[in-house]
1. Find the residue count for the stretch 66-76, including only residues that are at negative phi and surrounded by 13 or more Cβ atoms within 10 Å (Cβ to Cβ).
2. Looking only at the stretch 97-146, how many residues end up being of a type outside the set (Val, Ile, Thr), crowded, with 17+ Cβ neighbours inside 10 Å and assigned to a helix (DSSP H, G or I)?
3. Step by step: first the residues of the stretch 255-277, then only those that are assigned to a helix (DSSP H, G or I) and among the charged types (D, E, K, R), then the one that is nearest to residue 142 (Cα to Cα). Which residue is that?
4. Taking the conditions exactly as written (buried (at least 20 other Cβ atoms within 10 Å of the Cβ) and either touching a residue at least 60 places away in the same chain (Cβ under 8 Å) or in the same structural domain as residue 141 (by TED's automatic domain parsing) (or both)), does residue 306 satisfy them or not?
5. Within the stretch 147-185, work out how many residues are basic (Lys, Arg) and part of a helix (DSSP H, G or I).
6. Scan 281, 297 and give me the residue that is surrounded by 20 or more Cβ atoms within 10 Å (Cβ to Cβ) and farther than 24 Å from residue 97 by Cα.
Amino acid sequence: MSATTEAKKGRQPPPFLSYLAKIAKTLGSIAVTMIGLLFVTFVIGRIMPIDPVIAVLGERATKETYDATYIAMGLDKPYIVQFFYYLWDVIQGDFGPSRLTARPVEDDIARVFPATLELATLGTLIGVFIGVPLGVLAAVKRGTLIDQIARVVALIGYSMPIFWLGLVGLLIFYGILGWVGGPGRVGIFYVDLVPTVTGMILIDSILDGQWDVFWNAVSHIILPASLLGYYSLAYISRMTRSFMLEQLSAEYITTARVKGMSEWAVIWRHAFGNIKVQLITVIALSYAGLLEGSVLTEIIFSWPGIGSYITTALLSADMNAVLGGTVVVGLVFVCLNIFSDLLYKFFDPRAQ
């Protein structure tokens, strides 16, 4: 070993310093991303043709009240100063009052977000537990009828408008067959029977031992969750099939088969084992997409989640609610990316 190599090894920082540097780098990237998102939302809030003072006071406010509120909100200051005020308020969790509900936006988001989280989580679980095996099976049976069916199923789910599927699903399974509950989270007779602990009706009803509420909530969530799950399934199965085809054509798979290894071990231990890290990204993106993109589903099924909350706020020019919801959705994306990175290191120790 050369002296130069020895010198470089000797200058390597201690492991704990490297670990701290990675944490600092991650936190720095998160901070830059969030500041960028907050800057964009701030600009949107300022260029929208909506007077924030009128939004708070109403159109009948006197000029004296208007001027006092204008100054109190800091709108008389330069934009850069307003942005730092806005940034400081958001850091403290203050998004301002909602024009619609007259409550703090953060309280409204805390009330509606668990409903979206519950719906998107169940949809993602359906997509993962059906989409991953379907994608693996399609890759293993490439070119067969099974593969063709799997591809058609994925294509329909990926290309069909989700609002159309929702309306058809309501018509058939609720209106005609009566197999599922209608719009909303629970039937009208079960509203407010369960104390709010997590905000997710399925979990709260179990914690309170209200099994009649639980099964009623299941009947209401199963159809919208299945539709979101079908959308997620289409994406996950297509990507799983693509990843598996790449692995199954690799030389190490041929070598494993020549050595007499069982087909189960070849497929699941070797081929599937090498796509787990890639699937983490796919599943995380799918989950984030359902959390952010379930607006139409929530509107069709009268689901009181953050998607319908932001949409209603936008139609009512409630910019505090719109911007607060946007920031929360962006924060969810960032958190899911961090979680994905942690899973990378768990499944693949080389990703350090």
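1. In the first step, residues of the stretch 66-76 are kept if they are at negative phi; the result is 66-73, 75-76.
Now restrict to residues that are surrounded by 13 or more Cβ atoms within 10 Å (Cβ to Cβ): 66-70, 73, 75.
The total comes to 7.
2. Matching residues across the stretch 97-146 total 18.
3. Initial filter on the stretch 255-277 (assigned to a helix (DSSP H, G or I)): 255-258, 263-274, 276-277.
Right, trim to among the charged types (D, E, K, R) and you get 257, 263, 269, 276.
Details: 257: 17, 263: 15, 269: 19, 276: 20 Å.
The extreme case among them is 263.
4. Numbers: buried (at least 20 other Cβ atoms within 10 Å of the Cβ): yes; either touching a residue at least 60 places away in the same chain (Cβ under 8 Å) or in the same structural domain as residue 141 (by TED's automatic domain parsing) (or both): yes.
Answer is yes for this residue.
5. Kept after step one, since they are basic (Lys, Arg), are these residues of the stretch 147-185: 151, 185.
From what is left, the residues that are part of a helix (DSSP H, G or I) are 151.
Of the residues in that region, 1 qualify.
6. 297
Table: residues versus (1) surrounded by fewer than 14 Cβ atoms within 10 Å (Cβ to Cβ); (2) touching a residue at least 24 places away in the same chain (Cβ under 8 Å); (3) touching a helix residue (DSSP H, G or I) at 6+ places or on another chain (Cβ under 8 Å).
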position: 196; (1), (2), (3): yes, no, yes
position: 208; (1), (2), (3): no, no, no
position: 223; (1), (2), (3): no, yes, yes
position: 233; (1), (2), (3): no, yes, yes
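The values are calculated or read from the model by the stated rules, or taken from the named source; none is laboratory data. All figures in this text were calculated on a predicted structure; none of them were measured in a lab. Cβ: placed from backbone, ideal geometry, glycine included. Neighbour counts: every protein chain shown.
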